[in-house]
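The values are calculated or read from the model by the stated rules, or taken from the named source; none is laboratory data. All of these numbers come straight from a predicted model, not from anything done at the bench. Don't worry about glycine lacking a Cβ; one is built from the backbone with ideal geometry, like all the others, and counts go over all protein chains shown.
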Amino acid sequence: MNHWPYIIAAYGLTALGTLGLSVASWRAMREAEARADALRRER
Amino acid sequence: MHAFANPARFLRIARPLTPWLFWGGLALLVAGALCGLLLTPADYLQGESVRILYIHVPAAWLGMGGWTGIAFAALVQMVWRHPLAGVAGRAIAVPGALFTAICLVTGSIWGRPTWGTWWEWDGRMTSMLVLLFLYFGYIALARASAADGRGIGDNGGVSRVTAIFALVGAINLPIINRSVVWWNSLHQGPSITVRGSTIDMAILWPLGLTVLGFSLWFGAIVLMRMRAILAENKIEARLARMAREGLSEGMGESGGEGAREGRVA
């Protein structure tokens, strides 16, 4: 049995999950901090 | 620990630390994964599928480590009422759940060529699946308590019920750890302990890189999520203060008009 398709699937799904969470967390942080800064400058 | 109770002091450390943890972690885990895929030999029994070990083991450790962090944060919140403990618990939950899911999925993918099955309801796999459901429950409870503003000190933390849930859920951690010893299992016994490893060094070494890399990356994601929660909390507090000020100014104006009207009458 060729194991490489299983290895590629495992690494691919891990990369997808970690990349997705990285982007989501970074965007949430940037947007929230930008809004907080804008609100502080507004006052 | 109370030195970091002040969110402003915490942010002064977290802001420069986040990119170092993120990029350092990413570099290490990519290096470890490439070494594991390209440089190490295949196992004499498992064949090439042993390479899944370099992502499966860090995912399992961080899934369990994540809940350890959540339970510790819950304890700190309940005993010392640390204002950032609940925020840390909320921030750990999603990456912890992701790593638990990665552990289950990569384990299942590894199981198909190695055991001949995708899934077996044995102690290790079932207790790990229970951990994933515990994460889902914690995320739902934490979101509900944050939405209700019932976190400790209303700082975006979690409610007392959520913290108790985290502490009770920690009972699953020793069950996961000992499951391969207590029950007959398809899953192999503990191969890496404090006394050493039964895995040959020729295969083992990239695992150190991926464990360290994923751990640093996990730390960066937790810091990002904590910073997002603290910023959201700041926005809500500022909007509430602006609304109160606007309301009191409006009432002051209408009160003055009323007084003037009274004098005219």
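Between B:F99, B:F136, which is part of a helix (DSSP H, G or I), surrounded by fewer than 22 Cβ atoms within 10 Å (Cβ to Cβ) and within 16 Å of the chain's Cα centre (by Cα)?
Values: B:F99 fails: surrounded by fewer than 22 Cβ atoms within 10 Å (Cβ to Cβ).
Going through B:F99, B:F136 in turn, the sole match is B:F136.
Six or more apart or on different chains, Cβ atoms under 9 Å: show the pairs whose first residue is in region B:129-140 and in contact (Cβ under 8 Å) with a residue 40 or more places away in the chain and farther than 12 Å from B:C103 by Cβ and whose second is of a type in the set (D, E) and in a helix (DSSP H, G or I).
Pairs that qualify, where the first residue is in contact (Cβ under 8 Å) with a residue 40 or more places away in the chain and farther than 12 Å from B:C103 by Cβ and the partner is of a type in the set (D, E) and in a helix (DSSP H, G or I): there are none.
Can you spot a residue in region B:49-63 that is without any contact (Cβ under 8 Å) to a residue 24 or more places away in the chain, farther than 30 Å from B:F136 by Cβ, part of a helix (DSSP H, G or I) and not hydroxyl-bearing (S, T, Y)? So that I can check it myself, show each step before the final result.
First, the residues of region B:49-63 that are without any contact (Cβ under 8 Å) to a residue 24 or more places away in the chain: B:51.
Filter again for farther than 30 Å from B:F136 by Cβ, leaving none.
No, because not a single residue in region B:49-63 is without any contact (Cβ under 8 Å) to a residue 24 or more places away in the chain, farther than 30 Å from B:F136 by Cβ, part of a helix (DSSP H, G or I) and not hydroxyl-bearing (S, T, Y).
Working carefully through the options A:R35, A:R41, find the one that is surrounded by 11 or more Cβ atoms within 10 Å (Cβ to Cβ), over 29 Å from B:G116 (Cβ atoms) and without any contact (Cβ under 8 Å) to a residue 24 or more places away in the chain. Spell out how you get there, then give the answer.
On the way: A:R41 fails: surrounded by 11 or more Cβ atoms within 10 Å (Cβ to Cβ).
So the residue among A:R35, A:R41 that is surrounded by 11 or more Cβ atoms within 10 Å (Cβ to Cβ), over 29 Å from B:G116 (Cβ atoms) and without any contact (Cβ under 8 Å) to a residue 24 or more places away in the chain is A:R35.
Would you be able to say whether some residue in region B:184-199 is of a type in the set (A, V, I, L, M), surrounded by 13 or more Cβ atoms within 10 Å (Cβ to Cβ) and either modelled with pLDDT of 95 or more or more than 18 Å from B:C103 (Cβ to Cβ) (or both)?
no
Could you count how many residues in region B:66-81 are touching a residue at least 12 places away in the same chain (Cβ under 8 Å), away from chain A (no Cβ under 14 Å) and under 18 Å from the mean Cα position of the chain (by Cα)? Steps first, please.
Looking only at region B:66-81, we keep the residues that are touching a residue at least 12 places away in the same chain (Cβ under 8 Å), and these are B:66-71, B:73-78, B:80-81.
Add one more test, that the residue is away from chain A (no Cβ under 14 Å), and what stays is B:67-71, B:73-78, B:80-81.
Now restrict to residues that are under 18 Å from the mean Cα position of the chain (by Cα): B:67-71, B:73-77.
Number of matching residues: 10.
Would you be able to say whether some residue in region A:20-31 is aromatic (F, W, Y), in a helix (DSSP H, G or I), more than 19 Å from B:Y54 (Cα to Cα) and facing chain B (nearest Cβ under 8 Å)? Step through it out loud before you land on a result.
Here is the first cut: in region A:20-31, the ones aromatic (F, W, Y) are A:26.
This time we only want the ones that are in a helix (DSSP H, G or I), so: A:26.
So of that shortlist, the ones also more than 19 Å from B:Y54 (Cα to Cα) come out as A:26.
Narrowing the set further to residues that are facing chain B (nearest Cβ under 8 Å) leaves A:26.
Within region A:20-31 (the criterion being aromatic (F, W, Y), in a helix (DSSP H, G or I), more than 19 Å from B:Y54 (Cα to Cα) and facing chain B (nearest Cβ under 8 Å)), the answer is yes, since at least one residue qualifies.
So, B:V105, is that one within 14 Å of chain A (Cβ to nearest Cβ), under 15 Å from B:W67 (Cα atoms) and among the β-branched types (V, I, T) or not? Reasoning before the result, please.
Values: within 14 Å of chain A (Cβ to nearest Cβ): yes; under 15 Å from B:W67 (Cα atoms): no; among the β-branched types (V, I, T): yes.
No: the conditions fail for B:V105.
Which count do you get for residues in region B:156-171 that are surrounded by fewer than 24 Cβ atoms within 10 Å (Cβ to Cβ), in contact with a Leu (Cβ under 8 Å, 6 or more places away or on another chain) and farther than 12 Å from B:G137 by Cα?
From region B:156-171, those surrounded by fewer than 24 Cβ atoms within 10 Å (Cβ to Cβ) are B:159-161, B:164-165, B:167-171; that's our starting set.
From what is left, the residues that are in contact with a Leu (Cβ under 8 Å, 6 or more places away or on another chain) are B:159, B:161, B:165, B:167, B:169.
Filter once more, keeping what is farther than 12 Å from B:G137 by Cα: B:159, B:167.
Residues meeting the conditions: 2.
Just the residues that are without any contact (Cβ under 8 Å) to a residue 24 or more places away in the chain and in a loop (DSSP other than H, G, I, E, B), please, taken from region B:164-194.
Our first condition is that a residue be without any contact (Cβ under 8 Å) to a residue 24 or more places away in the chain; within region B:164-194, this holds for B:168, B:171, B:174, B:178, B:181, B:188-191, B:193-194.
Residues satisfying the conditions are B:I171, B:Q188, B:G189, B:P190, B:S191, B:V194.
Given the criteria exposed (fewer than 14 other Cβ atoms within 10 Å of the Cβ) and over 23 Å from B:A202 (Cα atoms), does B:I70 qualify? Working first, answer last.
On the way: exposed (fewer than 14 other Cβ atoms within 10 Å of the Cβ): no; over 23 Å from B:A202 (Cα atoms): yes.
So B:I70 fails the test.
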